[in-house]
Amino acid sequence: MIEACDFLNAAKARGFSFYTGVPCSYLKPFINSVIDSDELRYVGAANEGDAIAIAAGADLAGKRSVTMFQNSGLGNAVNPLTSLSYSFRIPTLLISTLRGEPDGPADEPQHELMGAITTVMLELMQIPWEYFPVEDSEIEPVLKRAVSHMEATSLPYALVMRKGSVAPVKLGSKPVERMPGNFPGTVANATASRREVLLAVQAAAPNDAVIIATTGYTGRELYACADQPNQLYMVGSMGCAVSFGLGLALAQPNRPVIVLDGDGAALMRLGAQSIVGYEAPANLTHVLLDNAIHESTGGQATVARSVNFPAIAAASGYSSVESAADPERVGQLITCPCPGPRFLHVPILPGVPEDLPRPTVTPAEVAIRMREFLINE
């Protein structure tokens, strides 16, 4: 295990000053140290592919870049890595975590396959890789090999980070406030916790409704509130909850479908809302829980403070757009008969209950019982 500052200082000496990426719990001390540094620049990307593009632009402009993300998002980065970085010969030092490492620490089910193929994918993309250093003596040799490759080929070099490679670091900086457009219900007036809102949604949802919860704490807290056969807890697939809900709503147009989304997940695939608006499923309610942070990966800020989510939903074609911070009002809006697709922006307070459980029911079991619910209900 190394200290984050030791790697960052060594990388800075070799010209790496621009960092971008998407948070992962393995990367938390690393990203936090970059954010808190006065000499380094960190840009949080909406998704991993965007991070590659951001890094490429920075490198082209003279800033040697580092791109960091969880290996679950490596698929999102394949297109720009193969068609932008490769085609234009623009390098970046890529740091991908290794969630789901074969024979490694126990991990969530969504990481199993990607953990097994992460290094294979890098090799298929002709990106040389090695494991992220875990000893101080390894830092300089690793950076030397990476820089030598990048300078010789103008192509990316990857470091694969295992769990526990970097010592913990708490984030000290506060996110910079940005004011969104004029619309009531921004994150500034959040009054309720995620759990309070989820309980209100569960209580208000019709018996035949399906509730889809985005990955991370939203699904885990919904499960903790009450595990029910009409609930699906997304794992991985960040940003895909509303698209999943759209497909379900179109396939069963008479069934209420409630999607519980998060600000970070929504930003990752913001274009999905335009498809929802165009297809206009009257039975779909899209609830965006907005605390302006990536809470499950350490509390790094999203750019939600500068985003007018309700205005985006309205411009995308949602039939009804509302904002509410009070759980009781959220429940009222869930039960109101107005046609969809409906968008409900719900500012929530940061915070997670202590000892928050993980679902004991597997994703495959959730899918099986959901199929049965959809057939029988």
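Within segment 217-242, being modelled with pLDDT under 85 and among the small types (Gly, Ala, Ser) holds for Gly236, Ser237, Gly239. Among the conditions (1) without any contact (Cβ under 8 Å) to a residue 40 or more places away in the chain; (2) among the aliphatic types (A, V, I, L, M); (3) on the phi > 0 side of the Ramachandran plot, Ala292 misses just one, which is (1). The strands (runs of 3 or more DSSP E) located wholly in segment 188-293 include none with 1 or more residues which are over 23 Å from the mean Cα position of the chain (by Cα) and more than 16 Å from Val346 (Cα to Cα).
Taken together, the residues in segment 74-99 that are buried (at least 24 other Cβ atoms within 10 Å of the Cβ) and of a type in the set (Gly, Ala, Ser) amount to 3. Counting only strands (runs of 3 or more DSSP E) that sit completely within segment 1-100, those holding 2 or more residues that are small (Gly, Ala, Ser) correspond to 16-21.
Step by step: first the residues of segment 133-167, then only those that are assigned to a strand (DSSP E or B) and β-branched (Val, Ile, Thr), then the one that is farthest from Gly73 (Cα to Cα). Which residue is that? Restricting to residues being assigned to a strand (DSSP E or B) and β-branched (Val, Ile, Thr), the top hit is Val166. Output the residue which, of all residues in segment 278-295 that are crowded, with 19+ Cβ neighbours inside 10 Å and not hydrophobic (A, V, I, L, M, F, W, C), is farthest from Ser193 (Cα to Cα). Looking at residues that are crowded, with 19+ Cβ neighbours inside 10 Å and not hydrophobic (A, V, I, L, M, F, W, C), I get Pro281. When you check Asp6 against the structure, is it over 17 Å from Leu143 (Cα atoms) and touching a residue at least 12 places away in the same chain (Cβ under 8 Å), yes or no? No, not satisfied. Among the residues of segment 136-153, are any in contact with a Lys or Arg (Cβ under 7 Å, 6 or more places away or on another chain) and surrounded by fewer than 19 Cβ atoms within 10 Å (Cβ to Cβ)? Within segment 136-153, one or more residues are in contact with a Lys or Arg (Cβ under 7 Å, 6 or more places away or on another chain) and surrounded by fewer than 19 Cβ atoms within 10 Å (Cβ to Cβ). Taking segment 249-262 as the range and being within 27 Å of Asp50 (Cβ to Cβ) and either of a type in the set (Gly, Ala, Ser) or free of Cβ contacts under 8 Å to residues at least 60 places away in the same chain (or both) as the test, the residues that pass are Val259, Asp261, Gly262. The set of residues in segment 112-143 that are under 22 Å from Ala58 (Cα atoms) and touching a residue at least 60 places away in the same chain (Cβ under 8 Å) contains only Leu143.
When the helices (runs of 4 or more DSSP H) confined to segment 309-377 are screened for residues that are among the hydrophobic types (A, V, I, L, M, F, W, C) and buried (at least 19 other Cβ atoms within 10 Å of the Cβ), those reaching at least 2 such residues are found at 309-316, 327-335.
Here segment 160-175 is the region considered, the condition is being touching a strand residue (DSSP E or B) at 6+ places or on another chain (Cβ under 8 Å) and not charged (D, E, K, R), and the residue that is modelled with the highest pLDDT is Val160.
The values are calculated or read from the model by the stated rules, or taken from the named source; none is laboratory data. What you see is a predicted model; the values in this text were computed from it and never measured. For neighbour counting, all protein chains shown are included, and Cβ atoms are generated from backbone atoms with ideal geometry for every residue, glycine included.
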